[in-house]
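Take a look at the structure below.
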Amino acid sequence: MAIIQTDQLTRRYGRQTAVDGLSLEIGEREIFGFLGPNGAGKTTTILMLLGLTEPTAGRARVLGYDPARDPLQIKRQVGYLPENVGFYDDLTGLENLRYMGRLNRLPEAQAPALIEEALSTVGLEGEGNKLVGAYSRGMRQRLGIAELLVKNPKLLILDEPTLGLDPDGTNRMLELIVSLRRERGMTVMLSSHQLEQVQRICTRVGIMIKGKLAALGSLEELSKGGSGDKAGPNLEEIYMRYFKEA
Amino acid sequence: MWTICRKELADHFGSIRFLILFCLILMVALVSTYMAATHVREALDGAKPSQVFLLLFTTPGKFFSLVQFIALFGPLLGIIMGFDAINRERQHRTLGKLVSQPIYRDAIVNGKFLAGVLTISVALLSMMLLLTGLGLMTVGVVPGIEEIGRLAIYLLVSIAYVSFWLGLAILFSVLFRSLATSALAAVALWIFSAFFVGFLADLAADALRPIRNPRDPEEIVANRRFADASSLASPAVLYSQATSTILDPYRRTRSNLVLTGPMERLSLERFERPLPLDQSILVVWPYLTLLAAMTLVCFGLSYVVFMRQEIRSV
């Protein structure tokens, strides 16, 4: 079953077309890399998938639901980490998680265990009682993931999860994403600019340029028809090729 | 919605700015009531009119009466709690996260408004109780049932009044991105309605219903009527007129003294008896409806704007 399926999904703002006839399918347990320059329409697409923005034309299905009609069902099972996610800095990490848990209607009896588990999954055990204001950037990003995990989602949509992290933080984040797919069977959709990282963990990529899907497929598929490099598929090369063509 | 309401409540009661403002208001209220109480006690020597207890709240002490004070500074309480309701979440980038949780979007505004109203209620109620206790101690008059009823209505009207400002502040917090802008806009409107609407109403009345002949009573009456009607656009005027009628049973007309004819004035003097509570309510009913309507319009507007706002910009 396809986790995400879009059919000619389009969104216009006035005369400008942010997303132009996007047709895309993401299967179960994929780590899908969603690439493209700034302003290519990646975030708009994500917002449409979550039912936070209405498409101008076309339709989408997420986990079998229509985001325009059933956004609550989708939000219940999809964890979305916005770019540069914010927290209530005057609360502790634990309190932030508890609030998110309540908003997701976790049963009060199970919530503490789930929260504890989420914290240890992202490697923040023992840090829960610190104020989020005192967290480092890497810790904040991991807390963001923990917030998604408390509702045990089927699909994770991560918008630039590694932006601004140091090399160590980046590595831990990527390992975390891979392990979530491997151990919990989650599907991940990941939007990013950092091609080298996408290349390391994604099973498939889509390149979006000026609202259109310029390329879609695994790295091997996309590198065919290229210069036929000896060093194997290189995402940066592929990306630049499509970028110049557009 | 309750989850959001609960969190906002905790935020309000824990926030330092609320604490400061509440202490300030409480302090001024205590002082003014105390002064009113000593005043009343002196004036009371010997005489024993009915419903003395209400005088505590309406007698101006050295500066102003408690009722005037709340009319002036109550809005600040509402503004302080509402001006950053939505745009603080925006600034801290938590709004995008909030709307991607499985809740309806209106629950966010509803929860925040509800939490604000609850906080206001608790603050005002505790203040009233404190002042009542103070009044009991200093004046030594026990309030009757009717006086308690009047005070309860006064409390309700005050909550509605402060809620109006809360709704307005939340509206601004939806409309403006920056915290400072929305705070400033709300405060500007507050100052305008508190101080300038009266002048403006007079100006408008003079312009549109000029008194050409100062001896002509009809022109004077028309002029005053117009000024009164247009000053009702200010919630502060609405509020102070409504509450003074409720707290002052001897007042039986909302209209300006200039408007009362000689016969009416005569009849007022003849029946120097207090208006029963239900009649007082009847007199102020239109004011209450108008106040409630303004609150709902504010709240409804912010609701609609927020629901339609593009999340993109969130």
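Okay, residues lined up against (1) surrounded by fewer than 19 Cβ atoms within 10 Å (Cβ to Cβ); (2) modelled with pLDDT under 85; (3) charged (D, E, K, R):
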site	(1), (2), (3)
B:I4	no, no, no
B:F13	yes, no, no
B:L26	yes, no, no
B:V40	no, yes, no
B:S50	yes, yes, no
B:L54	no, yes, no
B:K62	yes, yes, yes
B:S65	no, yes, no
B:A71	no, yes, no
Q) What are the residues in the range A:133-153 that are closer than 25 Å to B:P102 by Cβ and assigned to a helix (DSSP H, G or I), if any? A) A:R140, A:Q141, A:R142, A:L143, A:G144, A:I145, A:A146, A:E147, A:L148, A:L149
Q.
Whether any residue in the range A:29-50 is within 14 Å of chain B (Cβ to nearest Cβ), more than 26 Å from A:F243 (Cα to Cα), assigned to a loop (DSSP other than H, G, I, E, B) and at pLDDT 90 or above is what I want to check.
A. yes
Q: Check every one of the helices (runs of 4 or more DSSP H) wholly within the range B:59-135 and list those with 2 or more residues that are within 14 Å of chain A (Cβ to nearest Cβ) and closer than 25 Å to A:F87 by Cα.
A: B:87-91, B:95-99
Q. Checking B:S173 against (1) under 25 Å from the mean Cα position of the chain (by Cα); (2) hydroxyl-bearing (S, T, Y); (3) farther than 30 Å from A:D159 by Cα, which test does it fail?
A. (3)
Q: With respect to A:T10, determine if the residue is more than 14 Å from chain B (Cβ to nearest Cβ), β-branched (V, I, T) and touching a residue at least 40 places away in the same chain (Cβ under 8 Å).
A: yes
Q. For the range A:182-224, what are the residues that are under 23 Å from A:G39 (Cβ atoms) and part of a helix (DSSP H, G or I)?
A. A:L195, A:E196, A:Q197, A:V198, A:Q199, A:L222
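Let's see how each residue does on (1) part of a helix (DSSP H, G or I); (2) of a type in the set (K, R); (3) modelled with pLDDT under 80:
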residue	(1), (2), (3)
B:L184	yes, no, no
B:W190	yes, no, no
B:N213	no, no, yes
B:S244	yes, no, yes
B:S255	no, no, yes
**Q.** Residues satisfying the stated conditions in the range B:224-240, i.e. over 17 Å from B:F196 (Cβ atoms) and crowded, with 19+ Cβ neighbours inside 10 Å
**A.** B:R224
Q | Selection within the range A:8-37 - surrounded by 15 or more Cβ atoms within 10 Å (Cβ to Cβ) and polar (S, T, N, Q) | A | A:T10, A:T17
Q.
Among the residues of the range A:96-117, what is the count of those that are closer than 21 Å to A:G144 by Cβ, free of Cβ contacts under 8 Å to residues at least 40 places away in the same chain and more than 9 Å from every other protein chain (Cβ to nearest Cβ)?
A. 8
Q. Could you count how many residues in the range B:270-306 are among the aliphatic types (A, V, I, L, M), part of a helix (DSSP H, G or I) and modelled with pLDDT under 85?
A. 6
Q: Determine whether B:S158 is modelled with pLDDT of 90 or more, crowded, with 19+ Cβ neighbours inside 10 Å and under 18 Å from B:L290 (Cα atoms).
A: yes
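Conditions (1) without any contact (Cβ under 8 Å) to a residue 24 or more places away in the chain; (2) within 13 Å of chain B (Cβ to nearest Cβ); (3) not hydroxyl-bearing (S, T, Y), marked per residue:
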position: A:L52; (1), (2), (3): yes, yes, yes
position: A:R59; (1), (2), (3): no, no, yes
position: A:L81; (1), (2), (3): no, yes, yes
position: A:G93; (1), (2), (3): no, no, yes
Q | Residue count, the range A:38-85 (criterion: surrounded by fewer than 21 Cβ atoms within 10 Å (Cβ to Cβ) and of a type in the set (G, A, S)) | A | 5
Q) Quick one: how many residues across the range A:61-79 are within 9 Å of chain B (Cβ to nearest Cβ) and in contact with a Pro (Cβ under 7 Å, 6 or more places away or on another chain)? A) 7
Q: Output yes when any residue across the range A:162-183 is of a type in the set (D, E), touching a residue at least 24 places away in the same chain (Cβ under 8 Å) and buried (at least 22 other Cβ atoms within 10 Å of the Cβ), and no when none is.
A: no
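The values are calculated or read from the model by the stated rules, or taken from the named source; none is laboratory data. Just so it is clear, the structure is predicted and the values come from calculations on it, not from any experiment. Counting neighbours? That spans all protein chains shown, and the Cβs are built from the backbone with ideal geometry, glycine included.
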